[in-house]
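Scroll down for the structure; my scribbles are underneath it.
The values are calculated or read from the model by the stated rules, or taken from the named source; none is laboratory data. Everything numeric here is computed off the predicted structure, so don't read it as measured data. Don't worry about glycine lacking a Cβ; one is built from the backbone with ideal geometry, like all the others, and counts go over all protein chains shown.
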Amino acid sequence: MCLLTRNTFAVIALLSFCTATALLHIYASASTAFDYSDALYVPQWVTGSVSRATGKCAVNLFGLPRAFRSLVLPSLVENVIRPNALHHCDYFVHYFNLTHEKAGRSGAGGRINPDEILFLKEAVHNLSSESVVKFRYDQEQAFWDQYQPLIDRVRTANDTDGRYLYFPWRDKSYVYTLTTDNIIKMWHSIQSAWELMTEHEGATSKRYDRVAMLRSDVVYMTPIDVFKVNRQPLRTGDKVAVVPAFGRHPVNDRMIMGPRHAVEIWAAERFDRLETHVQFVQEKHPGWGMHSERFINWTIFPTIRNTGTAILEDDYMCFFRARADETVQINDCQDSQERVAASSIMQNLGEDVSERLELVLGRKCLNTTQGSVATRLRCPIEMV
């Protein structure tokens, strides 16, 4: 009996060691830009029974609500609102009151009904009646009035060699001046959603423990639970932020969820850190300027880690960018070489991505369009 017990413990110990080693290998095989000391976080199912983290949570949505009611909302209900209803998370939304988008890097453009995002409130209350849902929007002209001096500087400032200082001329996919203009718009929307949340905190003496910053123009293909890490419950006291394991250029800049103090750096300190970042880039990596993902990788992530917070990639999470013309970019989460995306994501989604998307939307889609970079599936709410 004693021998059996010792053998049993030996097997358990060996399995735990192998599992932890496998986890470290997963993170070590990802983007070389990642700090893999973060991978020392070991989920609950490896370490045994520990208390699960709980607390007050907020989900903050930002951006331009492209095809919101048609594409985004069904996925939010299924994969964001429902998983977090148990936590009674509150929702804070910033959006631009823009009714038409020109064609560009984000697709063919088209008509936008920004008021569709207001349907979020009913959707949240259907599943979590106690949750607070607040909105804030900006008119296009108000944005330009506020940021014109910064935009002018970003467009025109040169380094000592006469090259653009802010514009990332090394990235050939960046379009002068459109891309950096849109980065500033995104930063403003992210910060505005955060400020809406903090104003509510001040008015109610409430302070959120865990916060998610999510885009309002994507189709969420997998569940996002603010109190889970790689589908495992977060442990009490853990300081862990989560980002996707796709869109690595060299890291993903499209969302984060984590402890409030860590997410605040990601959401509310971009403008304050821009000048220091640009000077660092000019000295160490000239030509990358305010490149969005490299700004996150070189400036925001290190600052978060300095708070003692680990940043982990979620090897299961996936969401597809939605476009104003009701197309969905269905290759967002894949990369055959694992440089841009972890292969585990598509393995979890399954071979038929179109069918999985149709299940999330609750309807059939139409034709697929193959571009030089993106594969788009058209999924109009009114079939033609």
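Residues considered: Asp335, Asp352. Of these, the only one that is surrounded by fewer than 21 Cβ atoms within 10 Å (Cβ to Cβ) and over 20 Å from the mean Cα position of the chain (by Cα) is Asp352. Of the set (1) assigned to a loop (DSSP other than H, G, I, E, B); (2) under 20 Å from the mean Cα position of the chain (by Cα); (3) on the phi < 0 side of the Ramachandran plot, all apply to Arg363 but (2).
Among the residues of segment 96-134, which ones are assigned to a strand (DSSP E or B) and surrounded by fewer than 14 Cβ atoms within 10 Å (Cβ to Cβ)? Once the filter is applied, which keeps residues that are assigned to a strand (DSSP E or B) and surrounded by fewer than 14 Cβ atoms within 10 Å (Cβ to Cβ), segment 96-134 yields His100, Gly104, Arg111.
Filtered by the rule that a residue be buried (at least 23 other Cβ atoms within 10 Å of the Cβ), in contact (Cβ under 8 Å) with a residue 24 or more places away in the chain and either over 21 Å from Thr309 (Cα atoms) or of a type in the set (Phe, Trp, Tyr) (or both), segment 262-287 gives a lone residue, Trp266. Taking the criterion of being in contact with a helix residue (DSSP H, G or I) (Cβ under 6 Å, 6 or more places away or on another chain) and either surrounded by fewer than 20 Cβ atoms within 10 Å (Cβ to Cβ) or not in a helix (DSSP H, G or I) (or both), the residues of segment 166-180 that qualify are Tyr166, Phe167, Thr177.
Condition check for Cys318 on (1) among the hydrophobic types (A, V, I, L, M, F, W, C); (2) buried (at least 20 other Cβ atoms within 10 Å of the Cβ); (3) in contact with a Lys or Arg (Cβ under 8 Å, 6 or more places away or on another chain): one failure, at (3). Remark: pairs (first residue in segment 234-261, without any contact (Cβ under 8 Å) to a residue 60 or more places away in the chain; second residue of a type in the set (Phe, Trp, Tyr) and crowded, with 24+ Cβ neighbours inside 10 Å; Cβ separation under 6 Å; 6+ apart in sequence or on different chains) = Ile256/Trp266. Would a scan of segment 330-341 turn up a residue that is modelled with pLDDT of 95 or more and in contact with a Gly (Cβ under 6 Å, 6 or more places away or on another chain)? No, because not a single residue in segment 330-341 is modelled with pLDDT of 95 or more and in contact with a Gly (Cβ under 6 Å, 6 or more places away or on another chain). Within segment 289-311, the set of residues being under 30 Å from Thr160 (Cβ atoms) and touching a Phe, Trp or Tyr at 6+ places or on another chain (Cβ under 6 Å) comprises Gly289, Met290, Arg294, Ile300.
Scanning for something more than 21 Å from Phe227 (Cβ to Cβ), small (Gly, Ala, Ser) and either buried (at least 19 other Cβ atoms within 10 Å of the Cβ) or in contact (Cβ under 8 Å) with a residue 60 or more places away in the chain (or both), does segment 68-78 turn up at least one residue?
Yes.
When the residues of segment 367-384 are filtered to those that are at pLDDT 95 or above and outside any strand (DSSP E or B), which remaining residue is surrounded by the most Cβ atoms within 10 Å (Cβ to Cβ)? This residue is Cys379. Taking every residue in segment 327-356 that is at negative phi and of a type in the set (Phe, Trp, Tyr) and pairing it with any residue that is surrounded by fewer than 15 Cβ atoms within 10 Å (Cβ to Cβ) and at pLDDT below 95, at least 6 positions away or on another chain, yields no pair with a Cβ-Cβ distance below 6 Å.
Residues of segment 204-244 that are among the charged types (D, E, K, R), in contact with a Lys or Arg (Cβ under 7 Å, 6 or more places away or on another chain), buried (at least 18 other Cβ atoms within 10 Å of the Cβ) and in a loop (DSSP other than H, G, I, E, B): Asp217 alone.
Listed here are the residues, each with its yes/no results for (1) of a type outside the set (A, V, I, L, M); (2) over 21 Å from Ala157 (Cβ atoms); (3) assigned to a loop (DSSP other than H, G, I, E, B).
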| residue | (1), (2), (3) |
| --- | --- |
| Trp288 | yes, no, yes |
| Pro302 | yes, yes, no |
| Gly308 | yes, yes, yes |
| Tyr316 | yes, yes, yes |
| Arg321 | yes, yes, no |
| Ala324 | no, yes, yes |
| Asp335 | yes, yes, yes |
| Ala341 | no, yes, yes |
| Asn348 | yes, yes, no |
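The set of residues in segment 145-165 that are in contact (Cβ under 8 Å) with a residue 12 or more places away in the chain, more than 17 Å from Gln279 (Cβ to Cβ) and surrounded by fewer than 17 Cβ atoms within 10 Å (Cβ to Cβ) comprises Gln146, Arg155.
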